[in-house]
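Engineer: Below is one structure. I have some questions about it.
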Amino acid sequence: MKLQIKHRTTYRYLRPVGLLAHRLILSPRTDQQLRTLSFSIDCSANGSIDWSKDVFGNTVATVTFSERTCELTISSAAVVEQTADPWPVFNIDISAHAYPFTYSTEDETDLGAFAAATSPGSRVADWARAFAGSRPTDTLSLLKDINTGILTDVSYRIRDEEGTQSPQQTLEQASGSCRDVAALFIEAVRCLGFGARAVSGYIYDPRASVDDGGSTHAWAEVYLPGAGWIAFDPTHRRVGEACLIPVAFARNNGQIMPVTGGYTGMPDDFLDLDVSVKVVETRE
């Protein structure tokens, strides 16, 4: 299916302010299941855009502004073709069918920080180990159990505050946004020895109403030999990339925020921030 994505971020200020460079990670990331047909960025204030790749290979647009303004709107538009199977079959190498297993020396080296838990002896680690049960156990079933089990202990809530809660905070508060839930999943599977990474992008819900056409979203991917990186979306208890449009991946969510930037002025010059996202099926 073809999907059209429109993403608009608007900052409003009390008086004209100087805009610092803004870092935009908004371009869909093409892979074997997603093809970007068109993409554009537009800014309401005059400026220049420099394109680059970060250390993870994500496309980054850095906008340098040349004028002061009371309002900044950053708009992006994309059309993508999504071909992911809603019921994928993963060709996991026989060496990784049962957990625990050992990554090859090369994979272990290359995964590096993606496999490094930040709290291996914490409550998160104990919580994760409870899913393992008897050993050995089926690897994919274990990951699916964690993916579906998080919302048994944690309630999803929309959280407007910036940043991501620590996995321990999410467990203790028993609630979190999609990025908090994804971060908990990532830390949990890393505590079990898996390589995992954070993914940001968009989600398309064909059942959504016209007034609720889509949203930014955060999920996770786990590396399994043979199958490669597999998408796990604990917020919706789904596996695979169907209806997901990845934009960037990194070690943690804080590295791949869609829009980051600042301004020169007084703290009370900032009035408000408005974000609008629409993801719809298109015939273009």
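Engineer: Could you please tell me which pairs satisfy a Cβ distance under 8 Å, a separation of 6+ or placement on different chains, a first residue in the range 27-44 that is β-branched (V, I, T), and a second residue that is part of a loop (DSSP other than H, G, I, E, B) and open to solvent by less than 50 Å² (accessible area, probe 1.4 Å)?
Structural biologist: T36/S27; T36/P28; I41/L26
Engineer: Does any residue of the range 259-279 turn out to be at pLDDT 95 or above, open to solvent by less than 60 Å² (accessible area, probe 1.4 Å), within 21 Å of K6 (Cβ to Cβ) and not in a strand (DSSP E or B)?
Structural biologist: yes
Engineer: Among (1) in contact with a strand residue (DSSP E or B) (Cβ under 8 Å, 6 or more places away or on another chain); (2) under 19 Å from Y223 (Cβ atoms); (3) surrounded by 16 or more Cβ atoms within 10 Å (Cβ to Cβ), which single condition is H97 missing?
Structural biologist: (3)
Engineer: From A61, A45, grab the single residue that is over 17 Å from the mean Cα position of the chain (by Cα), over 19 Å from G254 (Cα atoms) and not hydroxyl-bearing (S, T, Y).
Structural biologist: Just a single option satisfies the conditions, and that option is A45.
Engineer: Out of S119, S134, I need the residue that is free of Cβ contacts under 8 Å to residues at least 40 places away in the same chain and among the hydroxyl-bearing types (S, T, Y). Which one?
Structural biologist: That would be S134, the only listed residue that is free of Cβ contacts under 8 Å to residues at least 40 places away in the same chain and among the hydroxyl-bearing types (S, T, Y).
Engineer: Now a separate question. Which count do you get for residues in the range 223-235 that are more than 13 Å from the chain's Cα centre (by Cα) and either open to solvent by less than 10 Å² (accessible area, probe 1.4 Å) or free of Cβ contacts under 8 Å to residues at least 24 places away in the same chain (or both)?
Structural biologist: 3
Engineer: Looking only at the range 65-89, filter to residues that are open to solvent by 70 Å² or more (accessible area, probe 1.4 Å) and of a type in the set (V, I, T); which one of those is nearest to the chain's Cα centre (by Cα)?
Structural biologist: Looking at residues that are open to solvent by 70 Å² or more (accessible area, probe 1.4 Å) and of a type in the set (V, I, T), I get T83.
Engineer: Considering only residues that are open to solvent by less than 70 Å² (accessible area, probe 1.4 Å) and of a type in the set (S, T, N, Q), which ones fall in the range 45-63?
Structural biologist: Scanning the range 45-63 gives S48, S52, N58, T59, T62.
Engineer: Quick check, is I245 open to solvent by less than 10 Å² (accessible area, probe 1.4 Å) and of a type outside the set (S, T, Y)?
Structural biologist: The answer is yes for I245.
Engineer: Just to verify a result, which residue in the range 144-187, among those that are open to solvent by 30 Å² or more (accessible area, probe 1.4 Å) and among the acidic types (D, E), is modelled with the highest pLDDT?
Structural biologist: Ranking the candidates gives D145 first.
The values are calculated or read from the model by the stated rules, or taken from the named source; none is laboratory data. Quantities reported herein were computed from a predicted structural model and do not represent experimental measurements. So basically every Cβ, Gly included, is an ideal-geometry build from the backbone, and we count neighbours across all protein chains shown. The area values use the complete protein model at the heavy-atom level, side chains included, leaving out ligands, DNA and RNA. Shrake-Rupley method; radii C 1.70, N 1.55, O 1.52, S 1.80 Å.
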